[in-house]
Amino acid sequence: MSMRTPIWRLIGLTGSQYGELQISNGRLKYSPASGVGFDVELTEVKDINFPWHYFSGGFKMTLAGEEFRFSFIEPHNDYADVRTGREVGKQWKKTLVAG
């Protein structure tokens, strides 16, 4: 399966960084708009978790001992499309948790 969607990496209490998340051929790739992301085998990703309080709109994971938090809904945006972000999150959950 292959998917690519916009995503925001959540940093600290209020920070976020826009980027793109892609899964293809057993690899997970995060490409931020600026800075360094990652491109790893899915087997390297640990503790994939879609917490209930993210309402399917985001997830947590660990890579090489570092925790990452991601949101499919743009943070700090009064007009964010929550419904679409939650639907995208549900698709990713099926892919990542089943993968």
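If I filter the stretch 34-55 for residues that are outside any strand (DSSP E or B), under 19 Å from V82 (Cα atoms) and of a type outside the set (F, W, Y), do I get at least one hit? Yes, the stretch 34-55 contains a residue that is outside any strand (DSSP E or B), under 19 Å from V82 (Cα atoms) and of a type outside the set (F, W, Y).
Could you list, in sequence order, all residues of the stretch 14-62 that are surrounded by fewer than 16 Cβ atoms within 10 Å (Cβ to Cβ) and of a type in the set (A, V, I, L, M, F, W, C)? A33, V36, V40, L42, W52, F55 - these are the residues of the stretch 14-62 that are surrounded by fewer than 16 Cβ atoms within 10 Å (Cβ to Cβ) and of a type in the set (A, V, I, L, M, F, W, C).
In the set T5, T62, only one residue is within 11 Å of the chain's Cα centre (by Cα) and in a strand (DSSP E or B); that residue is T5.
Residues in the stretch 27-72 that are over 19 Å from P6 (Cα atoms) and among the small types (G, A, S): A64, G65.
Restricting attention to the stretch 68-83, the residues that are free of Cβ contacts under 8 Å to residues at least 12 places away in the same chain and either polar (S, T, N, Q) or not in a loop (DSSP other than H, G, I, E, B) (or both) total 2. For the stretch 69-90, give me each residue that is under 21 Å from F38 (Cα atoms) and surrounded by fewer than 18 Cβ atoms within 10 Å (Cβ to Cβ). Those that are under 21 Å from F38 (Cα atoms) and surrounded by fewer than 18 Cβ atoms within 10 Å (Cβ to Cβ): R69, E74. Based on what the data block shows, is G19 assigned to a loop (DSSP other than H, G, I, E, B) and not polar (S, T, N, Q)? For G19, the condition - assigned to a loop (DSSP other than H, G, I, E, B) and not polar (S, T, N, Q) - is not met. Anything in the stretch 4-25 that is of a type outside the set (S, T, N, Q) and modelled with pLDDT of 95 or more? List them, or say none. Hits for the stretch 4-25 are R4, P6, I7, W8, R9, L10, Y18, G19, E20, L21, I23.
The values are calculated or read from the model by the stated rules, or taken from the named source; none is laboratory data. Predicted model, so just to flag it, every value in this text is computed and none were measured. In this analysis, Cβ positions are derived from the backbone assuming ideal geometry, glycine residues included, and neighbour counts consider all displayed protein chains.
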